[in-house]
Every structure is written in structure tokens, then in C-alpha cells.
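Below: one structure, written as C-alpha cells.
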Amino acid sequence: MKVKELIERRLLNQGLASAQFESCADVVSHFGAMQSQDYAMAKWAVGMRMRKASDTDVEMSVNSGEIIRTHVLRPTWHFVSRKDVRWMMELSAPYVKKATQYYDRQVGLTDEVFKKIWKTIEVELQHEDNLSKEDLMDRLAKRKIGVENLMATQILIRAELEMRVCNGVRKKNKITYSLFERRVPQAEKISKKDSLVKLASVYFSSRSPATVKDFMWWSGLSLSDAKFGISGLGDDLQRASLDGLDYWYFENTPDQKKKTSVLLPAFDEYMVGYSEGRDIAFPPDIDKSLLGNGIFKPIALFDNVVAGTWKKIDQEPFVEIQFLHDSKKYKGVKSKLEAFKLFLRK
């Protein structure tokens, strides 16, 4: 497999070669989980993959609980479909808890402290839904329980990992919390082995071609668990070698010859969904720090090639692009921006 074909396959599986999804939940379900600590950029990541979408559509899906925003897979916010969040959290929570232990110790968060404070938080959320972190800290203070900001953050992450809370309805652009059981219906339990295979299937369906270490990074799994998940896919998963790395992919990905031009948000899965396999997307001999290593800055992609970075502005065409090379080679830029304007105005 050549670089050109690998990128074409990846763009198609990522839902970037064409807007193929009808709903926000369809997008998130396809990806399993989408990194969403930058909320505005995460909404753009979902909407740009839909046939027809607006900022409001994504906002409504989050507020209704159709999409759950929580800490899963890795210790950062992700969008997860409501139907997937239970099995995915049960699988990944032990890994994420290990990753958060250092900060828990730094702020003095022990099991005993958590249980004591959680009892109060639970009572408050049963009484009143959709409370912000600040609301909860105020309620704790009224009960003579002093909690500093960082400890409150760690407490809420712990409560998410134990499926006690998840996002509620946003209020004045503020994150709120709701009891997990109110937002997420019960579901049949899946064994760890089946969950590992299911997670591998989701990953390689939406992000392949990718390496074992790419999957390990995205999922937060140990190497042995990542390999077990991949082995469960059997002969359906094919392998191709490129520049010393083995890339795995599903052969049923159709050929894709169309050139793709999109404005990727920061932390988009096209970049953040990989570790060692991320470099394949960059032009050769480019200083990746100019692109925020492909993660921390919004990326302009034209004709399958990373062409620069972009930012929103307040007037037509609502976006300013900083090209890596002479912008004259991108003659069709203005026409390609039309599809993005509904989101960019927000």
C-alpha cells in the first residue's frame, strides 16, 4: 500500500471524503468516542461529517443525552453515543483511574474522602438536576465541606468513571452534571473479551489503516489487551507495511479517488486518533510545530494534503487560513468554504 492509498482509505473511513451521516448520534456511534475537551471544536467535528447539520443540532443532541460527554478511554472529555457509554466505560474506567491516580494523590482524594463527598453530591443531584461544578461546590460549602477547585474536578472525574454522573444540559455555556442513571438506560453487560473485540472493530472501521500502537494510544488499553481485541477480528483485518510500520485495515473499504478538502477542528480524530501513524498525514519536511503537531491547532486540508492552519474571523468568508506554502495553488478555496459557513458563524 502506498501513502496515497492509505490516506484515501483513512479519509473515507473517517467520514471526511463525503458527509455520509444523517444524525449526530450516527457520527459518534461510528467513531465510538470522539475527543471533546474543546467543546466548540468537538461540535464542529461531529457536524462536518453529517449531510446536513448546524451547531444547534449538535447542541441539542448533547443536551438531550443522545450524545454523552464524559471522561472515557483516556483522562479527557469524549463524546460517546448513549447506547455505547456503559460498555465502553466498564472496559476503560480501570485504565483511566490509573492515569488519574497521581492527581488524586496530589489533592488528597482518597476512597474515603470521595465516598463522603459523593453522598452529598448525590443528594443534591437527586433534588435538582443539571448542576455545575460551581453549584456543587457551593452546596458542599453550605454543608461545611470545603473543596478546592482541583479536588472538585478530580471528584467529578471519579464520579464519571464510576458511572455516577455524566454531562447534563449546558447552562449559559457552562458544563452541568446529571445522575448517570437518569441519562443512560440500562443495557446488557458485555464481557471484557467481547468489549475488547468490539472496541477494536469500532476503531478500525472508523480510523484504519492504523497500527497496533495507534489503537493502543486511542483506546488507552494495555498492549496485550489491544492485541487481543485485534486478534478477535480474525481474517477480516488485513495488514499492509509502509515505511517500517504495519497498518491494519478492513478490506471492504471501497476505493476512494475523490480529493478531500475540509477544515479540521483542533483535536479532530483524523489527527488525535493516532500516535505513530499520525505522521503519515503530514507533508514531508514540514515543521509539525507550525501545525500544533496536528492536534492543538485547527488544520486546513486541501486535496487530501495538510495545507496549513485556520481560525475563525467575524466577516466573510468567516475563516482565515495560514498556508504552509503559496496559497495560489489552492484556487478553489473560497468555493470549498461555503459548506462550513453555518458552523463558522457560531
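The values are calculated or read from the model by the stated rules, or taken from the named source; none is laboratory data. Computed from a predicted structure; not experimentally measured. Backbone-built Cβ (ideal geometry, glycine too); neighbour counts: all protein chains shown. What goes into the accessible areas is simple: the full protein's heavy atoms, side chains included, and nothing from ligands, DNA or RNA. Shrake-Rupley method; radii C 1.70, N 1.55, O 1.52, S 1.80 Å.
Data table
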{"read-out": "Subset of segment 136-162 that is in contact with a Leu (Cβ under 8 Å, 6 or more places away or on another chain) and basic (Lys, Arg) - its residue that is nearest to Tyr95 (Cα to Cα)", "value": "Arg158"}
{"read-out": "Residue match in segment 116-135 (condition: touching a residue at least 12 places away in the same chain (Cβ under 8 Å), crowded, with 17+ Cβ neighbours inside 10 Å and assigned to a strand (DSSP E or B))", "value": "yes"}
{"read-out": "Condition broken by Ser231, with the remaining ones in (1) more than 17 Å from Val305 (Cα to Cα); (2) touching a residue at least 24 places away in the same chain (Cβ under 8 Å); (3) not aromatic (Phe, Trp, Tyr) satisfied", "value": "(2)"}
{"read-out": "Top-ranked residue of segment 307-325 - restricted to ones that are at negative phi and aromatic (Phe, Trp, Tyr), ranked as least open to solvent (accessible area, probe 1.4 Å)", "value": "Trp310"}
{"read-out": "All positions within segment 44-83 that are touching a residue at least 60 places away in the same chain (Cβ under 8 Å) and of a type in the set (Asp, Glu)", "value": "Asp55, Glu59"}
{"read-out": "Check on Val113, touching a strand residue (DSSP E or B) at 6+ places or on another chain (Cβ under 8 Å) and of a type in the set (Val, Ile, Thr)", "value": "no"}
{"read-out": "Checking Tyr102 against (1) among the hydroxyl-bearing types (Ser, Thr, Tyr); (2) open to solvent by less than 50 Å² (accessible area, probe 1.4 Å); (3) farther than 22 Å from Asp268 by Cβ, the condition it does not meet", "value": "(2)"}
{"read-out": "Selection status of Thr100, touching a Pro at 6+ places or on another chain (Cβ under 9 Å), of a type in the set (S, T, N, Q) and in contact (Cβ under 8 Å) with a residue 40 or more places away in the chain", "value": "yes"}
{"read-out": "Strands (runs of 3 or more DSSP E) completely within segment 245-346 that count 3 or more residues being of a type outside the set (Ser, Thr, Tyr) and at pLDDT below 90", "value": "305-312, 319-323"}
{"read-out": "All positions within segment 279-322 that are under 19 Å from Val3 (Cβ atoms), touching a residue at least 60 places away in the same chain (Cβ under 8 Å) and within 21 Å of the chain's Cα centre (by Cα)", "value": "Ile280, Ala281, Leu301"}
{"read-out": "Answer from Glu90, Glu112, Glu66 - the residue that is under 24 Å from Phe21 (Cβ atoms), open to solvent by 20 Å² or more (accessible area, probe 1.4 Å) and of a type outside the set (A, V, I, L, M)", "value": "Glu66"}
{"read-out": "Selection count, segment 28-49, where residues are in a strand (DSSP E or B) and open to solvent by less than 20 Å² (accessible area, probe 1.4 Å)", "value": "2"}
{"read-out": "Check on Ala159, hydrophobic (A, V, I, L, M, F, W, C), modelled with pLDDT of 95 or more and either open to solvent by 30 Å² or more (accessible area, probe 1.4 Å) or under 19 Å from Val96 (Cα atoms) (or both)", "value": "yes"}
